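Quick notes on the structure that follows.
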Amino acid sequence: MYKKILALVLSVLMVLSLAGCSGGNDAEETTAAPAGETAAAEGGEEAEGGNAEGGEAASGDTFKIGAYLQLSGGNSAYGVEARNAIEIAIEEVNANGGFNGVPVELVVYDTQGSAEEAVKIVTKLIEVDQVDAAIGSINSSEVLAAAGYLNDAGVYNFGMGTSPTWMEEDWPYVFRAAMNNGNAVPATVELVQLFGYTSVGTFYGQDDNSLTTAETFEAACEEAGITVTASESYDTGDSDFSAQVASILASNPDCVYISVMGEAGPLIVQQLRQYGYSGIIIDKESFMESQIDIAGEQNSNYIAFANPYVTYASSADCDDEYMKSFLEKYEAAYGECCKTDSAYRGWDTIMCMWEASKIAGANDSDSLKDATHQISGLQGLGGTIDFTAGDREAYQTVNKFILVDRKNIPVDQWMEEGGYDAYKEATGNEK
Amino acid sequence: MNMSVYGMLLVSSLAIGSIYGLIALGYALIYKSSGLLSFTQGDILTLGAYLGLTFYSILGIPFAISLLLTMACAFVLGILLEKGVIRQLLNKNVGAIYVVLATIAISYIIQNGSQLAWGTIQLNFPSVFPVQNVNIFGVNVRPEALMCFIVSIALMIILHFFMTKTRFGTSMRAASMDSMAAESLGIDVSLTTGVSWGLSAGLAAIAGMLIGPIYGVYSTLGSTIGRKGFSGAVIGGYGNMYGAMIGGLILGIVETFSASLISSTYRNLIAYALLLIFMFIKPTGIFNERAIQD
Amino acid sequence: MKSKTLDSKKLIALIVGAVVLLALPLVLPNYALLILSFWELYIIAVSGLDLVFGYCGQISLGHAAFYAIGAYGSGMLHEYCGIPVFFTMIIAAFISAAIGALIAYPSSKLVFHFLSLASQAFGEIVYLLISHSPGKITGNYQGFFSDYINLFGYELDSYTSFYYFGLVCVIVFLVIKTFMVKSKTGRAFTAIRENTHAADGMGINVRKYKVIAFSVSAFYTAYAGAMYLHLTKFINPDTFMLKQSVMFLTMLLFGGSGCLLGPVMGSFVVLLVNEVLRALQDYQMFVYGILLLVVVVAMPGGLYGEIMRLVNFIKGKATQKAEVK
């Protein structure tokens, strides 16, 4: 009997959701709702149907920001932390008058790491939710798949991935308030030269971001006269890297460069150390708190990188005032400090949008787009945000750090204070 | 590369290979007892790692006891799966495809459920041993990697004695050979099938707890391993317990050394290529298990 | 299967259905049209899987591979050989059919479960090849951009035009499927599904028909893959993982296998369920898993079977009209 009821329920669900598709406003999460209680949102599906029929301008009572983020599956921690930060940033905005007096509202969907889902989601954001602006995934491949749709629809949007690829497209409505890994490459090469190294072994992931950055790095090395002794790769989902590590170390490079993502990072560092490599590891971006936890503090020593910002174990460890206040807000809202820098990207993104709305004095996409190019001298978590270069990128400069005893020390300071000599002494390495 | 590097590679490949072996062993038990494939083994591995982490790291229970607790939890889960889902489906006399799909659904549930329960961030499984490396014949070895291999082989041997020397093990084997005949001899086939599923879940969970300290714990930890485990099972001869372990070890060694000596780009392809090659050319596997063909 | 006679009631239903389908773009927003376009291509892909599974009884957990071959094949033929898009889709589908035959030939000896393993391994291999192609000819993980479908100078650059194009494709593919199923080949498929040994005894060349089933199925799914590429204009390998093969299978079993309407209904429901669950954010995939399990355990006959049973239940007595398999 209950089979029949189930069949009936399913058919009803089918019809109802068709109605939902064809013009209704789907259940949406307002920022007031605490994260994690969204399961109840399904019920809102039928209740809210039918208020956004037709193509009237969506702006009015609220400024709606749509976000497509990977919230489930591998590496979803980044998406979740970004969402958390976006939520507290929006709270902050709303407590201070919103966008030109209009309160901001957030709609979030899970891309599951799939380009197809990302495309469906942005179309839904544009058509059904009729968002005023959008924020894209931490996964560059999803931004690459979806941001073009937002651009074509003339929706002001930011992506949060750090790959060079999607910003190379000619999409005037697409901005980035995170770093460009490609831009960090010259600084990374300077790092290699700073330590006097002439050869490097590279280890990179096959994902878009890691691969593109590693290729840029290898090309830059060649130009700078640095030999690449070995070039090895892995796939997302791998956990045993011993073969690649052995090959890299067998080529006997002065240092090892890793261009990796998420879960693989700490395992690679661990296995490099395991195989006896005690030298400096150059990372394409900061080695984050979550990664130090897995790799171990000892193993994470002497990882050097160029990045706008670093992660902290807790807000107490942070000296930068603006960063500290952000971390405190994050801790207050979620009970612990953010472990990845994707949270920073989420916060910076909202702040850039806010600044643009202040400059524009209006909330439509075109004004916001034009105003964003005028942003300069805005305090961001990674230093000063400046869009005036016209390349739609927030961060033009990066800082060089080295990780020693769980502290990210600026490299220049470390060299000055004799850290390099201390390193040679501690490890017995000549270089 | 010098010899000690080869030694280290060998240890790494035996460690990951024995994990493939444990997973494949579970596939063999399930196949022998119910003639089915389960796609949940990899995710039970993940769950085992999370449970082990909870017992060992959060609740502070000693490692060996945590291991037993984890195994017990997974054992119960395995039996519940068999009784609550698989048996229900078989009783309805539906196609085997529904069983396959049901196990895939369970794998989605475990993967996403553990993410909701333990969070999305990769968790650290604290080291089991006080030292980071031990030196054996001039080879730097991680004690956890060694433990992987030793525990897996020990489990294999225990299982062998359980199957051949105990009454219950004998009835399990009898039931897998001819369930009708076994039933008429008074063997509780439903029980032996349930226990087989329980045991394979237990093995997967132990595997998870063994590699947790090496790889950290995250929700997709077991998915790739679970898929490659099939390859190990086919290489050894699908359904053969000893073949499963040997097949897993072979896979681990071939994969690691070919990646090191030839190229790492197509490392993951090797497992699936081996699976196809064996299926097409030597479907009975190394241990000549006749299961795959008509 | 007995053939239906087209009585007047059915004719009216058919006409009403046709009018509704043709009028939909006039009333629906783009988002719904995008979902409907996906529905169309999923109908074709799942119908292909239905031929091999529902009719011939052969399981495949690797249809994402054919989907990928269609998508990448069409994209690359267009990109590197300059062939207009619509032709590339057909050529890619033929290539996929050839590959399907090639893989089906040695696989045809495998029994059910191991076929699922072999097909899964095949799926993984194709996934790894497109994501690690030499010289990055597939764009690897960076993805692959392509163009809209070009029908003799007319570019299908809107969801509305794609929807109509897809509608025609669906009808063509379903008609071919119907003819195929009713032909000698189709009867051979069913005989193999019901009992391979008996079919062999009846003088049916089992291997040949298994290869045909796989090959035609690969054609269908690859064509759908090509439609997908030219609908979204961008693909990356993450779409073509095991998850996608499972999705096809879910749609098929959801709707009901071995019938014309099963894939149509199944793909519609699964797509809609996914859209509805979207609001759950992190809980989406978890709930999807539970729903999948409940459906598999509670209604293994598929939606088509269940609805037919419901219809009969409401009618009060079980008439023999319904073609429940």
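What follows draws every value from the coordinates through simple rules; no lab data is involved. What you are looking at is a predicted structure, and each value in this text was computed from that prediction instead of being measured. Please note: Cβ atoms are built from the backbone with ideal geometry, for glycine as well, and neighbour counts cover all protein chains shown.
Odds and ends about this structure:
- Between the alpha-carbon centres of segment C:220-255 and segment B:36-72 there is a gap of 35 Å.
- Considering only A:428, A:98, A:219, and ranking their Cα positions along the charge dipole of chain A that arises from unit charges at the beta-carbon of Lys, Arg, Asp and Glu, the one farthest toward the positive end is A:428.
- Simple Cβ-charge dipole of chain C, Lys/Arg +1 and Asp/Glu -1, about Cα centre, in debye nearest 20: 1320
- Inter-chain neighbour count for B:215-222: the average number of beta-carbon atoms from partner chains within 10 Å of each residue's beta-carbon is 6.
- Farthest positive-ward along segment C:32-240 dipole, Cα basis, beta-carbon charges - from C:161, C:99, C:69: C:99
- Computed lengthening from residue C:205 to residue C:172, 0.36 nm per intervening residue step minus Cα-Cα distance: 9.1 nm
- Under 5 Å, built H, 5+ apart or other chain: amide partners of residue A:228: A:200
- Considering only C:247, C:197, C:265, and ranking their Cα positions along the charge dipole of segment C:186-298 that arises from unit charges at the beta-carbon of Lys, Arg, Asp and Glu, the one farthest toward the positive end is C:197.
- Taking Cα centre as origin and charging only the Cβ of basic (Lys, Arg, +1) and acidic (Asp, Glu, -1) residues, the dipole magnitude of the protein assembly as shown rounds to 6420 debye.
- Approximating the spin labels as points 7 Å out from Cα along Cα→Cβ, the residue B:92-to-residue A:278 distance works out to 6.3 nm.
- Cα centroid separation, segment A:184-251 to segment C:132-185 (Å): 40
- With a simple spin-label model that places each label point 7 Å from the Cα along the Cα-to-Cβ direction, the separation between residue A:336 and residue C:182 comes to 6.4 nm.
- Within-11-Å neighbourhood charge of residue C:84 [Cβ basis; K, R +1; D, E -1]: -2
- With a cut-off of 11 Å between beta carbons, the residues surrounding residue C:104 carry a summed charge of +4, where Lys and Arg count +1 and Asp and Glu -1.
- Of all lysines in the structure, the ones whose alpha carbon falls short of 22 Å from that of residue C:243, not counting any fewer than 8 places away in one chain, are A:120, B:228, C:233.
- Working note: Cα atoms of segment A:236-350, range along each principal axis, descending, whole Å: 47, 27, 25.
- Among beta bridges that DSSP assigns inside the protein assembly as shown, antiparallel share in %, nearest 5: 40
- Residues B:73, B:148, C:259, ranked from the fewest to the most other C-beta atoms within 10 Å, line up as B:73, C:259, B:148.
- The Rg/Rh ratio for the protein assembly as shown is 0.96, where Rg is the radius of gyration of the alpha carbons and Rh is the Kirkwood radius.
- Proximal lysines to residue C:9, defined as alpha-carbon separation beneath 17 angstrom and excluding residues fewer than eight positions away on the same chain: C:315, C:321
- Set A:124/A:339; A:284/C:136; A:124/A:284 screened for pairs whose C-alpha atoms are more than 24 Å apart: A:124/A:339; A:124/A:284
- Rounded to the nearest 500, the helix-only mean residue ellipticity at 222 nm of the protein assembly as shown stands at -19500 deg cm²/dmol, with each DSSP H run of n ≥ 4 adding -39,500 (n - 2.57).
- Residue exposure sequence - B:134, B:254, A:192, A:260 - by fewest surrounding Cβ within 10 Å: B:134, B:254, A:192, A:260
- Estimated distance in nm for a label pair at residue C:137 and residue C:9, the labels positioned 7 Å out from Cα along Cα-to-Cβ: 5.7
- Peptide B:251-262 is shielded by partner chain Cβ atoms: per residue, an average of 3 of them sit within 10 Å of its Cβ.
- Rel. contact order, % - alpha carbon contacts under 8 angstrom, at least six apart, chain A: 15
- Remark: mean inter-chain Cβ contacts per residue of A:115-128 equal 6, using a 10 Å Cβ-Cβ cutoff to other protein chain atoms.
- Cβ charges +1 (Lys, Arg) and -1 (Asp, Glu), total dipole of chain B, debye: 80
- Cross-link table A:324/A:407; C:177/C:208; A:358/A:400; B:165/B:282; B:282/C:109, entries beyond 21 Å C-alpha to C-alpha: A:358/A:400; B:165/B:282
- Spatial separation of Cα centroids for segment C:7-33 and segment A:264-332, in angstrom: 58
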